[in-house]
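To keep things clear, I will list the structure first and then write my remarks on it.
The values are calculated or read from the model by the stated rules, or taken from the named source; none is laboratory data. A quick note: this is a predicted structure, and the numbers were derived from the prediction, not measured. Ideal geometry is used to build each Cβ from the backbone, glycine not excepted, and the neighbour counts take in all protein chains shown. Accessible surface areas use protein heavy atoms only, side chains included; no ligands, DNA or RNA. Shrake-Rupley method; radii C 1.70, N 1.55, O 1.52, S 1.80 Å.
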Amino acid sequence: MAREFEIKLEIPAADAGKVMRLPWLWELASGELQPARMVSTYYDTPRCGLRERGISLRVRRIGARRLQTIKAPLSGAALPMQRSEWEDEIAGEEPDLALAEGTALDGLSKKTRRALTPMFEAQVDRSAFPIQSANSAIEVAIDRAQIVSGDASATFCEVELELKRGASSELARIARRIASEVPAALVLKTKADRGYALRNGAAPQPRRAEALAITPAVRVGEALQAIGWSCLRHFVLNADAINNGDTEGVHQMRIGLRRLRAAISTFRQLLDGPETDAVKAELKWLTDELGPARDLDVFLQESLTPLRASASDQTGLEALCEDIAQRREQALDRAKAALASDRYRQLTLRTALWLVASEWSDAGELGVAQPSRRVGAFAAHTLGKRTDKILGKLKRFDDLSPHERHKLRVDVKKLRYASQFFEATFPRSARRRRFMRMLENLQSDLGALNDMIVQERLRDECMAAWTAAEDGANADRETAKKAYAMGYALGQHQLRRASCMEAIRKEARALAELTPYWR
């Protein structure tokens, strides 16, 4: 079994030759250019059983040679880009599962073996050569590729940088330098991912956070890298859903961004430096660009639509729903524009390379936060400190200003995300489940209070826009109806304020009485 660790950059096909001719890259070359025409057929069951297990099986033709490759997630890997790989030369055109012993396909049932069928084909013209940089061995490959599935096809051009030996920071440095020469974009999809998407032909679906396995044996620096990469995948892989007009994709991308920002806060002792500051600023920019689409969608779906279905007084509700829906579409266009921007391309690549480089602080005064220390003590210290901070604010909750309550909601989110990050660090227990339910309820009730403030702001923005657009008596009447409906909707929401406040007080008492599960 080999371990694969690579970074992929998508570039315009017209720039492939430029990358091939970069003088500084050839100065690092430690071997000759190896051009190859590769045609890979990917196999799976009709219901994509291998895909569901995260496994890929392909047979690759390179001239007269036939190579069978099995890939699977690497257990305990710091990054999802690290994968287990088994490769064997075979005699025929189809998979030879006699060679699957000891691989991720070991123990595959006879029924599943018989069901394996070609799914799609990847046709790749590859130009590869090895480089040696600062004692690190890296393979550079430029792939001009086409995926074919039935009558459908997709073409793209990628630069693959695979670390054969050495430091991940050197891999990041080479990727960063290539990206300074051509407009390179981070690629988190494998060729198999592209092929399955092409074959299925379905609209891209929103992606939720992937499970993490930060066990007590993991070191603090490795935990940061794994958590950060999971959060990066969470937000980046929702771009397709947003571009397809799916507002749930906006929601999931914002969660991914918030989780990454929460991770930076959780590990802030390791993360001093200008690169971290730059990443944080760009993550906030993208979060803000997505905000209006999410706020308007919540107002429409969670307040106006149910109200329209149940309210006895329907005055202006239909017109208000149509107005808010139109504003949501405009906000969604703004989100799409952000994702299509060069700033977004640079943000995702910069964040990825910052994580891959993993140049964390290792100062002696960090104590439990030293990158080389095991994560258990750090996780317990972090969860305890954040819980104490929240309990302190909850004791004086009634006296907090709206802004302070918003900050409290953010703190609860950070604690909840941190608890999810370190889920596998501590034994499963009823106390942990109860703790997580408390945080979820507390976040929900604080969120309801915050929604009231957001909706008041939306009301003011809408009123200003409606007033500015008024033209004649009919417009005046239409504005009056929408204003009436807006006031009615906000009034119904405000009726929940007292119950939310009481629920938060109750949750605060219960949280204070709960014995921490990490002790």
Evaluate the stretch 392-404: report whether one residue or more is assigned to a loop (DSSP other than H, G, I, E, B), more than 24 Å from Arg328 (Cβ to Cβ) and either touching a Lys or Arg at 6+ places or on another chain (Cβ under 6 Å) or not small (Gly, Ala, Ser) (or both). yes
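One line per residue, one yes/no per condition, for (1) assigned to a strand (DSSP E or B); (2) within 30 Å of Ala179 (Cα to Cα); (3) touching a residue at least 60 places away in the same chain (Cβ under 8 Å):
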| position | (1), (2), (3) |
| --- | --- |
| Val19 | no, yes, yes |
| Glu32 | no, yes, yes |
| Val39 | yes, yes, yes |
| Arg61 | yes, no, no |
If I filter the stretch 258-268 for residues that are of a type in the set (Ser, Thr, Tyr) and either within 19 Å of Ala418 (Cα to Cα) or open to solvent by 20 Å² or more (accessible area, probe 1.4 Å) (or both), do I get at least one hit? yes
Could you check the stretch 157-174 and list, in sequence order, the residues that are in contact with a helix residue (DSSP H, G or I) (Cβ under 8 Å, 6 or more places away or on another chain), surrounded by 16 or more Cβ atoms within 10 Å (Cβ to Cβ) and of a type outside the set (Val, Ile, Thr)? Cys157, Leu161, Leu163, Ser168, Leu171, Ala172, Arg173
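Select, from Ala154, Ala100, Ala128, the only residue that is under 31 Å from the mean Cα position of the chain (by Cα), open to solvent by less than 20 Å² (accessible area, probe 1.4 Å) and of a type in the set (A, V, I, L, M).
Ala128
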Looking at the stretch 327-352, I want the residues that are open to solvent by 10 Å² or more (accessible area, probe 1.4 Å) and have a partner that is polar (S, T, N, Q) with Cβ atoms under 7 Å, at least 6 apart or on another chain. Which pairs are those? Lys336/Asn243; Leu339/Asn243
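Listed here are the residues, each with its yes/no results for (1) free of Cβ contacts under 8 Å to residues at least 40 places away in the same chain; (2) surrounded by 17 or more Cβ atoms within 10 Å (Cβ to Cβ); (3) assigned to a helix (DSSP H, G or I).
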site: Leu408; (1), (2), (3): yes, yes, yes
site: Arg431; (1), (2), (3): no, no, yes
site: Ala448; (1), (2), (3): no, yes, yes
site: Gln455; (1), (2), (3): no, yes, yes
site: Glu478; (1), (2), (3): no, yes, yes
site: Lys482; (1), (2), (3): no, yes, yes
site: Gln492; (1), (2), (3): no, no, yes
site: Ser499; (1), (2), (3): yes, no, yes
What are the pairs, 6+ residues apart or on separate chains, where a residue within the stretch 115-144 that is under 22 Å from Ser168 (Cα atoms) has its Cβ under 7 Å from a residue that is in a strand (DSSP E or B) and of a type in the set (Phe, Trp, Tyr)? Val140/Phe129
Say whether the condition of being assigned to a loop (DSSP other than H, G, I, E, B) and open to solvent by less than 30 Å² (accessible area, probe 1.4 Å) is met by at least one residue in the stretch 175-185. yes
Tell me whether the stretch 76-90 contains one or more residues that are without any contact (Cβ under 8 Å) to a residue 24 or more places away in the chain, part of a strand (DSSP E or B) and in contact with a helix residue (DSSP H, G or I) (Cβ under 7 Å, 6 or more places away or on another chain). yes
Select from the stretch 131-151 the residues that are among the charged types (D, E, K, R), open to solvent by 40 Å² or more (accessible area, probe 1.4 Å) and under 30 Å from the mean Cα position of the chain (by Cα) and list them in ascending order. Glu139, Arg144
Given the condition under 24 Å from Trp86 (Cβ atoms) and touching a strand residue (DSSP E or B) at 6+ places or on another chain (Cβ under 9 Å), answer yes or no: does some residue in the stretch 15-26 qualify? no
Restricting the stretch 21-30 to residues that are open to solvent by 30 Å² or more (accessible area, probe 1.4 Å) and part of a loop (DSSP other than H, G, I, E, B), the residue that is nearest to Ile147 (Cα to Cα): Arg21
Those residues of the stretch 1-17 which are closer than 23 Å to Ala172 by Cβ, open to solvent by 30 Å² or more (accessible area, probe 1.4 Å) and part of a helix (DSSP H, G or I) amount to Asp15
From the residues in the stretch 287-322 that are farther than 22 Å from Arg334 by Cβ and in contact (Cβ under 8 Å) with a residue 24 or more places away in the chain, which one is nearest to the chain's Cα centre (by Cα)? Leu307
Can you tell me which condition Gln314 does not meet? The list is (1) in a helix (DSSP H, G or I); (2) open to solvent by 10 Å² or more (accessible area, probe 1.4 Å); (3) not hydrophobic (A, V, I, L, M, F, W, C), and all the others hold. (1)
Kindly establish whether Leu415 is under 30 Å from Gln326 (Cβ atoms) and open to solvent by less than 60 Å² (accessible area, probe 1.4 Å). no
For the subset of the stretch 192-234 comprising residues that are assigned to a helix (DSSP H, G or I) and free of Cβ contacts under 8 Å to residues at least 40 places away in the same chain, which member is most open to solvent (accessible area, probe 1.4 Å)? Asn200
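Out of the stretch 457-476, which residues are without any contact (Cβ under 8 Å) to a residue 12 or more places away in the chain and not acidic (Asp, Glu)?
Across the stretch 457-476, the qualifying residues are Arg457, Ala464, Ala465, Ala468, Ala469, Gly472, Ala473, Asn474, Ala475.
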Just name the residue that is modelled with the lowest pLDDT out of those in the stretch 37-77 that are touching a Gly at 6+ places or on another chain (Cβ under 8 Å) and surrounded by 14 or more Cβ atoms within 10 Å (Cβ to Cβ). Pro73
